[in-house]
Structures are given as C-alpha cells and as structure tokens.
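The values are calculated or read from the model by the stated rules, or taken from the named source; none is laboratory data. In this text the structure is predicted, and so the values were computed from the model without any measurement. All Cβ positions, even for glycine, are placed from backbone atoms using ideal geometry, and neighbour counts span all protein chains on display. With ligands, DNA and RNA removed, areas are computed over all heavy atoms of the protein, side chains included. Shrake-Rupley method; radii C 1.70, N 1.55, O 1.52, S 1.80 Å.
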There are 2 protein chains.
Amino acid sequence: MPAKGASVDADVIVVGAGVIGTAIAWRAALAGHAVIIVDPGGDDPRTDDKASLVAAGMLGPVSESVFGEQDLLNLNLHAVDRFPSFNAELERAAGRETGLRTEGTLAVAYDNGDLAALDRLTEFRHSIGLVAERLDARECRRREPFLAPSTRGGVFAAGDLSVDNRRYLAALRAAAATAGVRTVRAAAAHVAGGRVALSGGGVPDPSELTAAHVVVAAGHATRDIDGVPETVRAAIRPVKGQILRLRHPTGMPHILTRTIRAIVQGHDLYLVPRKDGELVVGATQEERADRDVTAGATRDLLRDATTAVPAASELVFAEAVAGLRPGTSDNGPVLGPVGDGRLIIAAGHYRNGIMLSAVTADAVAALLDGKDAHAAWAPFRPGRLRR
Amino acid sequence: MPAKGASVDADVIVVGAGVIGTAIAWRAALAGHAVIIVDPGGDDPRTDDKASLVAAGMLGPVSESVFGEQDLLNLNLHAVDRFPSFNAELERAAGRETGLRTEGTLAVAYDNGDLAALDRLTEFRHSIGLVAERLDARECRRREPFLAPSTRGGVFAAGDLSVDNRRYLAALRAAAATAGVRTVRAAAAHVAGGRVALSGGGVPDPSELTAAHVVVAAGHATRDIDGVPETVRAAIRPVKGQILRLRHPTGMPHILTRTIRAIVQGHDLYLVPRKDGELVVGATQEERADRDVTAGATRDLLRDATTAVPAASELVFAEAVAGLRPGTSDNGPVLGPVGDGRLIIAAGHYRNGIMLSAVTADAVAALLDGKDAHAAWAPFRPGRLRR
C-alpha cells in the first residue's frame with residue numbers, strides 16, 4: 001500500500017476519465033486507495049473528445065487485425081473472458097445496466113472473395129478453440145431476416161459480446177463516485193512520479209496535485225502530456241473514427257438481433273444493435289486528428305449499412321459523431337510503470353478500449369499493490385517501445 | 001380600418017408564426033393595426049414543425065413544376081419582382097441581414113436527356129421574357145470549378161435569388177416585434193370571424209382572443225383548425241421534406257458561389273450556398289406527415305450532392321432536418337377572405353413560402369384595408385376549392 005499522509009492529495013491520481021481511466025479509478029478505490037481523477041472534459045460527445053463516447057462497444061477477441069498478432073490475441077481472449085464478471089459487478093455497484101448483449105456476431109459475405117476470407121477467419125477461430133459456425137445464405141437470412149438478398153453466406157460467432165459504450169461509461173462513473181473517487185476538472189500538463197501539474201479548467205489553485213502513484217490513462221492525449229516518456233508519446237497517435245447512431249421509429253420492430261459485420265465495397269462495416277432500439281453503424285478509420293463529422297464519411301456509412309440491411313433506410317438518423325482512438329506504432333496497448341515506478345502508463349488501447357477496460361483495471365490494481373499484472377500484459381510494457 | 005374598441009384584444013390576430021404569418025403581422029402592424037400572433041411553437045427546428053425552418057430559401061420563379069401552370073407562374077414572377085425591395089425594407093427595420101444572394105442559379109445536366117430538359121426550360125424562360133444562358137461543360141466548370149467532371153452542360157439563370165431562411169424568419173420576427181406585434185404562445189383550436197379559441201401553451205386565461213380580423217397562416221396545420229372552411233381544410237396536406245446543412249471546415253474556401261440544381265439518378269437536387277459557409281442540400285418530397293429524419297433520405301441527399309460536387313464530401317455534416325410543407329390539391333396557395341370577410345386564409349404555399357411571403361403580406365394588408373389584393377392572386381381565392 002502506498003504511504004498515506006497529510007503531504008499528498010490522494011493515494012492515486014488517474015489522468016483521464018474515459019473507460020480506461022474510470023475503470024482503473026473504480027477498482028483502485030475498491031482496493032482501498034484514495035483516488036482522484038483528473039480530466040478536462042464533460043461527457044458530451046460533441047465537445048468531449050473521448051473515444052469512449054464514440055465506440056460501438058463490440059467485444060470480440062478475433063478480427064482481421066489480430067491474424068498473426070498472437071500477443072494481442074492472447075490479451076483479447078483474456079479480456080473477453082474477464083468482461084462478463086467485471087460487468088456484472090459493475091452493474092451491481094452502479095445500480096444500472098450497461099446494455100451487455102450476448103447474441104453474438106454474424107459476419108456476412110457478398111462474394112466468393114469475402115466468403116473465402118470468412119472461411120479463413122473461421123479456421124483461425126477453431127484453431128484457437130473459439131466457436132464459429134459457417135452458415136449458408138438461407139440460414140443467415142433465417143436468423144436475420146432483414147439482411148440483403150445479396151448475402152452469400154456468413155459465419156456466426158456465438159461468443160462475441162457487445163455493450164452500450166455510453167451506458168458502460170456512465171455505470172463506471174457512477175460506481176467510481178460511489179466508491180469515493182473524486183474528479184478534478186482540469187488538464188494534466190505535466191506528470192511525474194507522484195505529481196500532476198494542472199492547467200485549464202477552473203482549478204488554478206492548487207495547480208499541482210500529489211499522490212503516491214500517478215496513472216496516465218489519457219488515450220490519444222497521452223502524447224501531449226509532458227513527463228510521459230518520449231518513446232511512449234512518440235508511439236501514440238490519434239486515429240479518427242466516425243460512427244452513426246440510427247434509431248427505430250416508434251412502433252417499428254427491431255431489424256437486427258445481433259451484431260452484423262461485413263465488407264461492403266472494401267469498407268469494414270459493423271452494425272451493433274442496442275437493447276433500446278438504437279443501431280450503431282461504424283466505422284471509418286482515418287489518420288487525422290480533427291473531430292469533424294464529414295459528409296463523405298456519413299454518406300459511405302449510410303450507403304454500406306443500407307447495402308447490408310436495406311430496411312435500415314427506414315430508421316431515424318439520430319446522430320453522426322467522430323472520435324479519436326489512441327492508435328500505437330504496433331497496434332498494442334501500453335501498460336506498465338515507467339521511471340521510478342510511481343508513474344504508470346495505461347494508454348494506446350486503439351479500437352479495443354472498452355473490451356480491454358476490465359483487464360486494464362485489474363492490471364493497474366495489481367501494480368498499485370506491488371504485484372505483477374496478468375501474464376497476457378507482459379508483451380505490452382512501455383519498455384518495448386523504441387525510438 | 002377595422003373598429004378599435006375595448007371589447008377586442010387586437011385589430012388583427014394572425015394564426016401562425018412562420019414566414020407567412022410573421023410577414024403578414026409585420027406589414028399589418030406597419031399599416032397601423034394592433035396585431036397579435038398566435039403560435040404554439042418556438043424556433044428550434046427539432047421541436048417546431050414550421051416549414052420555414054427547413055427551407056433552402058431559393059427564390060426562382062420558374063421550375064419544372066410551373067410548366068403549364070400559368071397562374072402560378074404569374075404569381076411567382078410577381079413575387080420575385082417584389083422580394084428585393086421588401087427584403088431591403090425588412091433588413092433596415094430589423095437591423096439585421098437576411099443573407100440575400102444574387103449570384104443566380106446554375107442548372108446542370110449529366111446526360112442528353114437532362115440537357116434536352118434544360119433546353120426546354122431555357123426556351124420557356126425566354127418565351128416569358130426571363131434571361132437564361134446555355135453553357136457548355138467547360139463554361140459550367142469555369143464558373144463553378146468544383147462541379148463534377150461528368151457535368152455535360154447547363155443553364156444559368158442570372159435573375160434567381162436565394163435567402164437564408166432562418167435569418168429571414170429571424171429578421172421578420174425582429175421587425176414585427178419592433179413594430180409592436182405581440183405573440184401569444186398557444187395553439188388556435190377554433191377560429192371564426194373575429195374570434196380565436198386557444199388551447200395548449202401556458203395561456204388558459206383568456207382562452208379566447210377577439211379582433212376585427214383573424215388571418216389563418218398556419219401552413220399545413222391550417223387543416224387542423226376548426227372554423228376554417230372544410231373545402232380549404234380538405235385541400236391542404238403536409239408534404240414532408242428532408243434537407244441537410246453542410247458546413248465548410250475552418251480554412252476551406254467555399255466550393256460554390258451560386259445555387260446549383262441538377263437531376264441526379266432521377267432525384268431533383270439543389271445545393272444552396274450561404275454567405276456564412278453553410279451549404280443547404282435538398283430536398284426530398286414525401287407524402288408523409290412525420291418529421292423523422294431517415295437514414296435513407298440522408299444517404300440519398302449526400303450521394304446526390306457528392307455526385308454533383310465531389311468536394312462536398314469534405315464538408316462538415318452539420319445537420320439533417322425534416323419539415324412539413326403545406327401542399328394543396330392544385331399546388332397553388334390559398335389566399336382570401338371567407339365567410340363574412342372577417343376571417344382571411346393565407347396558407348398552402350407548398351414549396352414557395354419564402355418566395356411568396358412578401359406578396360402574401362402585401363395582399364393581406366390590402367384586404368385588411370378593404371382593398372383588393374394584386375391581380376396575380378385572383379386565381380388563388382379559397383372559393384376556387386371544391387369538395
């Protein structure tokens with residue numbers, strides 16, 4: 001346990017109030033630490049740049065991106081294994097639901113090339129012990145009747161989960177507050193082992209907070225914080241993503257019961273239904289740092305969504321929003337202590353922040369108690385990053 | 001002049017605070033009448049169903065729809081002739097600009113069929129004394145360099161105007177308020193010569209207002225008001241329209257200098273640039289009474305806009321919004337006294353509400369003074385409507 005005394009403001013300061021930072025803060029508080037979160041933003045996706053607010057909340061350990069990335073796959077499997085129990089505890093602690101769905105994911109194909117790619121993915125899932133079921137076109141449309149007639153076939157992954165990203169973040173915040181976590185509205189300008197210099201917000205005094213440990217979980221903004229090692233800062237970059245939220249008009253039955261994935265005209269498309277009738281459509285991946293919702297991206301997402309599920313044309317267009325994911329130079333997150341060990345980095349979760357949030361919180365809780373993080377985290381220590 | 005006495009609340013009650021009702025109220029107040037506007041709504045397009053808030057504000061007397069509708073064409077020509085002086089007076093009275101643009105309209109074609117249709121339109125314009133200039137593809141793109149390379153040719157109508165519908169409505173409201181017009185936030189449940197029964201809003205007492213004259217200018221909602229003649233109510237229907245508002249990102253030069261019209265994949269498309277960098281994209285026409293913005297309409301408008309002007313893909317997607325135009329059984333507006341002459345109808349302006357607002361206000365002001373409206377209005381009296 002870190003020293004507690006009049007000379008520090010908290011045991012742990014967490015920089016960042018997205019799903020990663022808030023999950024860490026909650027679990028640290030549960031473990032008996034006095035915790036302060038430092039974050040400049042609110043929770044309006046139009047003004048707050050948290051990737052957490054823009055996510056679709058898919059929790060699937062396997063996608064095209066982890067073919068051949070065994071370390072990341074191991075971490076994702078660990079994450080999906082842990083998520084349900086973490087989420088159940090969260091819902092109890094917060095007294096609210098996160099919208100976890102367990103109906104799985106159906107990946108569909110429109111031509112032979114897509115089908116072959118799905119077959120490779122199925123083989124890969126089988127090779128690592130995951131279930132995946134090859135379905136013909138008729139069976140795809142029997143399970144999801146609103147899929148386009150042009151659907152050629154698909155693969156059903158029963159184990160994939162999804163969660164409502166905004167409800168999940170709201171639950172984490174409620175649980176953290178209940179556990180005694182305090183939040184300071186300010187930006188972290190500089191961090192060091194045990195110290196965070198603040199800027200902006202309404203908090204000029206004190207302009208510095210002190211604690212036994214500082215955890216930086218600031219997503220893409222981690223690269224902007226002085227005191228974070230240069231190798232970490234250089235490895236993190238914002239990757240813009242735009243998503244849409246559609247909504248069923250009153251009285252219209254829900255057109256999907258599970259997550260749909262597809263490649264449409266070369267674009268990776270996903271459609272994630274929420275229990276409350278929302279349908280999330282994503283997502284673009286752009287090497288840009290602005291958060292403008294563009295006409296072109298909105299057009300592409302709507303075109304692809306209505307190609308896959310024509311009845312989506314009838315849904316209400318509720319929102320288009322852009323966020324910045326924290327990409328890294330090797331697509332893996334960055335987790336572990338740096339320097340004298342009092343500064344801990346938990347950033348760079350790229351597209352997997354929600355899925356990895358539970359095991360990230362576990363790992364940081366272990367580090368704060370002087371223990372090792374789960375072995376799946378070993379390849380993702382900050383020390384791996386080179387200039 | 002109507003009688004003024006302690007027994008009435010005003011000289012004139014105008015039901016409806018869109019561009020038609022507000023223009024009437026302003027001009028009636030200028031003529032010395034005590035005027036009350038009755039309207040339940042605010043001016044948020046997400047909650048208020050005024051078509052005025054959703055319009056593009058194009059002011060062109062000739063479009064495909066008036067081929068062969070000589071009476072409507074005459075009225076439109078009268079309206080466009082009158083608009084600039086009315087608008088100039090309005091800007092002075094309101095102390096604010098309406099965003100009037102005088103750069104004209106360029107109608108473009110993508111194939112021989114479209115070109116032939118444009119040539120017919122050009123001949124028609126010439127036949128009624130309007131200017132219209134046939135341009136080849138090179139000249140179209142010289143004037144509007146961001147038009148798609150597939151543009152085959154076009155016709156330039158120098159006389160067409162456009163106005164920013166929201167700024168225009170705001171100016172009318174400011175001018176009306178300055179002229180002493182009062183607004184009562186309530187719905188008109190029942191009208192008669194000299195009386196308006198109120199419902200809803202925060203105005204239970206008095207639940208009835210009285211005046212020498214009542215003018216119903218409630219757009220599509222006119223059909224819902226008891227006391228309006230059945231023939232008028234039956235002739236008016238809501239026609240849903242969805243439009244988009246795009247915006248130039250900071251630092252991006254404006255991609256259009258004038259209104260562009262085109263037929264894209266059979267859809268009638270228009271792109272109306274605003275002085276402040278907004279670009280309005282319209283519009284759907286749907287025989288529906290809901291105001292849901294749908295995924296399908298948004299997709300179609302974005303697809304068509306970026307087909308006509310590919311660089312529009314880079315614009316910020318600012319807003320999608322739906323409104324209900326007041327269509328009529330013969331596409332013409334309805335203007336004139338009914339019953340004992342103390343009840344005046346000014347409704348059914350369909351797609352031309354902003355363009356016709358100035359001459360509608362003139363006409364009602366004349367009627368209130370016991371004079372005839374301009375001769376162009378003669379074919380549009382309520383009495384023409386039959387069951």
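What to note about this one:
- Test: residue in segment B:53-62 that is farther than 22 Å from residue B:210 by Cβ, part of a helix (DSSP H, G or I) and modelled with pLDDT under 95: yes
- Filter result (open to solvent by 10 Å² or more (accessible area, probe 1.4 Å) and touching a residue at least 24 places away in the same chain (Cβ under 8 Å)) within segment B:241-253: B:247, B:248, B:249, B:252
- Meets criteria (within 18 Å of the chain's Cα centre (by Cα), basic (Lys, Arg) and not in a loop (DSSP other than H, G, I, E, B)) for residue A:92: no
- Matching residues, segment B:96-109, being open to solvent by 10 Å² or more (accessible area, probe 1.4 Å) and out of contact with any strand residue (DSSP E or B) (no Cβ under 7 Å at 6 or more places or on another chain): B:96, B:97, B:99, B:103
- Number of the condition not met by residue A:211 [criteria: (1) at pLDDT 95 or above; (2) assigned to a strand (DSSP E or B); (3) open to solvent by 30 Å² or more (accessible area, probe 1.4 Å)]: (3)
- Residue satisfying condition, being in contact (Cβ under 8 Å) with a residue 24 or more places away in the chain and buried (at least 23 other Cβ atoms within 10 Å of the Cβ), within set A:297, A:365, A:318: A:297
- Restricting attention to segment A:250-301 and to residues that are among the hydroxyl-bearing types (Ser, Thr, Tyr) and in a loop (DSSP other than H, G, I, E, B), the residue that is nearest to the other protein chains (Cβ to nearest Cβ) turns out to be A:250.
- Residue check for residue A:304: among the acidic types (Asp, Glu), open to solvent by 10 Å² or more (accessible area, probe 1.4 Å) and not in a strand (DSSP E or B): no
- Taking the criterion of being open to solvent by less than 30 Å² (accessible area, probe 1.4 Å) and at pLDDT 90 or above, the residues of segment B:270-294 that qualify are B:270, B:271, B:272, B:273, B:274, B:277, B:279, B:280, B:281, B:282, B:293, B:294.
- Some residue of segment B:342-359 being closer than 26 Å to residue B:85 by Cβ, out of contact with any strand residue (DSSP E or B) (no Cβ under 7 Å at 6 or more places or on another chain) and open to solvent by 30 Å² or more (accessible area, probe 1.4 Å): yes
- Residue B:345 vs. criteria touching a residue at least 24 places away in the same chain (Cβ under 8 Å), farther than 30 Å from residue A:248 by Cβ, part of a strand (DSSP E or B) and among the aliphatic types (A, V, I, L, M): yes
- Any hit, segment B:317-324, residues being closer than 21 Å to residue B:223 by Cβ and more than 13 Å from every other protein chain (Cβ to nearest Cβ): yes
- Candidates B:130, B:161, B:121, B:135, filtered to the one that is free of Cβ contacts under 8 Å to residues at least 60 places away in the same chain, open to solvent by 10 Å² or more (accessible area, probe 1.4 Å) and not charged (D, E, K, R): B:121
- Tally of residues being under 21 Å from residue B:309 (Cβ atoms), in a helix (DSSP H, G or I) and among the charged types (D, E, K, R) across segment B:104-141: 4
- Restricting segment B:214-240 to residues that are crowded, with 24+ Cβ neighbours inside 10 Å and part of a strand (DSSP E or B), the residue that is farthest from the chain's Cα centre (by Cα): B:214
- Test: residue in segment A:254-269 that is touching a helix residue (DSSP H, G or I) at 6+ places or on another chain (Cβ under 6 Å) and open to solvent by 10 Å² or more (accessible area, probe 1.4 Å): yes
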